[in-house]
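Beneath this line is the structure, given in structure tokens, with notes to follow.
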């Protein structure tokens, strides 16, 4: 039985340990690189609002500042969603859109048709054309009555973007749908100098902007495309429906590309189905209704999505919110949670983390995309997760999905100052008052350094200098570590 002396001795050891931890933490604060301190000072952001953790190839902590403080994640939350999906489902996993057709017994030569959504977020208008074309090649020559659309794989997800500033037509806040076309958004291509037609994908009809701004020979205004909105001009759906582009379109600007969401996912699918059926001669007018697809039919076609590695690459490279939210739902659906909800997907992510001894009590996952002020995580735990990910089988596909400065994606025009920018694989996030960054530096020897920086302050929009100073510190640290004198 332990003696009182033993208890006192243990208490002293615990106290000494706590003092050592507090002393080490104080040393971390004092050892923050001068360049980072200066960048924070210039931005007017206190160091108390900044969390940093940098881990070396062996998992050793190279730099830490407020690492255990829960912070809003922004889009770095996509790292958890995409990596866990790769690990659970595999990089070559595919989702399927199913088409069913049966001949109508009362109308010779006519067919009844149903579509069942399988959560393929990359399903485009061109894919819809191919799918219906395959049905026509199998004898479905005329659709009779309504097309039944089965989107029951996903439970209806409310818009989880309240209080967040979104682009026109709420592209960032599109609600996930099990059967969507073109991410339920419309791509608009405006010809340079007004010379040519406006092109849409899906190819709906569109009118030119009512307001045309002429500014002589001045430079084209920055971000001029943001002033243009796309609205549904007609209340009646179908191929006669028309979209209207409104706002100012400067005559002297080069080609512009917009992404807008004037229709709900179900409306966009309905418009697309009617246009497609008319284009390939299946029907001049069809009705689209919600329902349950049959379990069997004379004609049954499974249309595959691109492999999951490709879908994850699009999510992380371009920070696609609706695709990330859909992936969280798909993760639940594939594990028999039907209809799937974001809560189901979050439980599966948390379960995977716990199965790998990653216990993150502060972690909150609301939609898996980071488009939420409720999603939080600490820098220490995010760095721990990323370090573990580098040891897992699907890591090469995950690393390949992360944006590289100067290449296509969200970092195409960011962090270009670094002389070794091709060595960085980073995901950034932003919300009002939030800027985050997380990812890896691949050293000259192939060794990985894990970097996490999370900033939460009303001046966070000025935080770029802090992020750049951190990346430069890691770069110089890598050079110093691998110098011949070491």
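The values are calculated or read from the model by the stated rules, or taken from the named source; none is laboratory data. Just so you know, these numbers come straight off a predicted model, no measurement behind them. We place every Cβ from the backbone using ideal geometry, glycine too, and count neighbours over all the protein chains shown.
Quickly run through the range 250-290 and pick out the residues that are touching a strand residue (DSSP E or B) at 6+ places or on another chain (Cβ under 7 Å) and either exposed (fewer than 15 other Cβ atoms within 10 Å of the Cβ) or part of a strand (DSSP E or B) (or both).
Answer for the range 250-290, where residues must be touching a strand residue (DSSP E or B) at 6+ places or on another chain (Cβ under 7 Å) and either exposed (fewer than 15 other Cβ atoms within 10 Å of the Cβ) or part of a strand (DSSP E or B) (or both): 255, 256, 257, 258, 259, 260, 287, 288, 289, 290.
Let's see how each residue does on (1) assigned to a loop (DSSP other than H, G, I, E, B); (2) surrounded by 17 or more Cβ atoms within 10 Å (Cβ to Cβ); (3) at pLDDT 95 or above; (4) assigned by TED's automatic domain parsing to the domain that holds residue 383:
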| position | (1), (2), (3), (4) |
| --- | --- |
| 325 | no, yes, yes, yes |
| 328 | no, yes, yes, yes |
| 337 | yes, yes, no, yes |
| 351 | no, no, yes, yes |
| 354 | no, no, yes, yes |
| 357 | yes, no, yes, yes |
| 361 | yes, no, yes, yes |
| 368 | yes, yes, yes, yes |
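Is it the case, given these coordinates, that residue 115 is crowded, with 21+ Cβ neighbours inside 10 Å and touching a helix residue (DSSP H, G or I) at 6+ places or on another chain (Cβ under 7 Å)? If you could, list the steps in order and put the result at the bottom.
Numbers: crowded, with 21+ Cβ neighbours inside 10 Å: yes; touching a helix residue (DSSP H, G or I) at 6+ places or on another chain (Cβ under 7 Å): no.
No.
Based on what the data block shows, is residue 222 more than 27 Å from residue 152 (Cα to Cα) and touching a residue at least 12 places away in the same chain (Cβ under 8 Å)?
Values: more than 27 Å from residue 152 (Cα to Cα): yes; touching a residue at least 12 places away in the same chain (Cβ under 8 Å): no.
Taking the combined requirement at face value, the residue does not satisfy it.
Examine the range 64-82 for a residue that is in the same structural domain as residue 322 (by TED's automatic domain parsing), under 27 Å from residue 342 (Cα atoms) and more than 23 Å from the chain's Cα centre (by Cα), and state whether such a residue exists. Before you say what the answer is, go through the steps one by one.
Taking the range 64-82 as the starting set, the residues that turn out to be in the same structural domain as residue 322 (by TED's automatic domain parsing) are 64-82.
From the residues that got through so far, the ones that are under 27 Å from residue 342 (Cα atoms) too are 68-82.
Within this subset, residues satisfying the condition of being more than 23 Å from the chain's Cα centre (by Cα) are 68-69.
So far as the range 64-82 goes, yes, one or more of its residues are in the same structural domain as residue 322 (by TED's automatic domain parsing), under 27 Å from residue 342 (Cα atoms) and more than 23 Å from the chain's Cα centre (by Cα).
In a helix (DSSP H, G or I) and either buried (at least 16 other Cβ atoms within 10 Å of the Cβ) or not assigned by TED's automatic domain parsing to the domain that holds residue 315 (or both) - does that describe any residue in the range 420-438? Show your work before the answer.
Residues of the range 420-438 in a helix (DSSP H, G or I): 421-423.
With the extra rule that they be either buried (at least 16 other Cβ atoms within 10 Å of the Cβ) or not assigned by TED's automatic domain parsing to the domain that holds residue 315 (or both), the set shrinks to 421, 423.
Yes - at least one qualifying residue is present in the range 420-438.
Can residue 92 be described as more than 24 Å from residue 371 (Cα to Cα), under 25 Å from the mean Cα position of the chain (by Cα) and touching a residue at least 40 places away in the same chain (Cβ under 8 Å)? Talk me through it step by step, then tell me what you get.
Numbers: more than 24 Å from residue 371 (Cα to Cα): yes; under 25 Å from the mean Cα position of the chain (by Cα): yes; touching a residue at least 40 places away in the same chain (Cβ under 8 Å): yes.
Judged against the criteria, residue 92 is a match.
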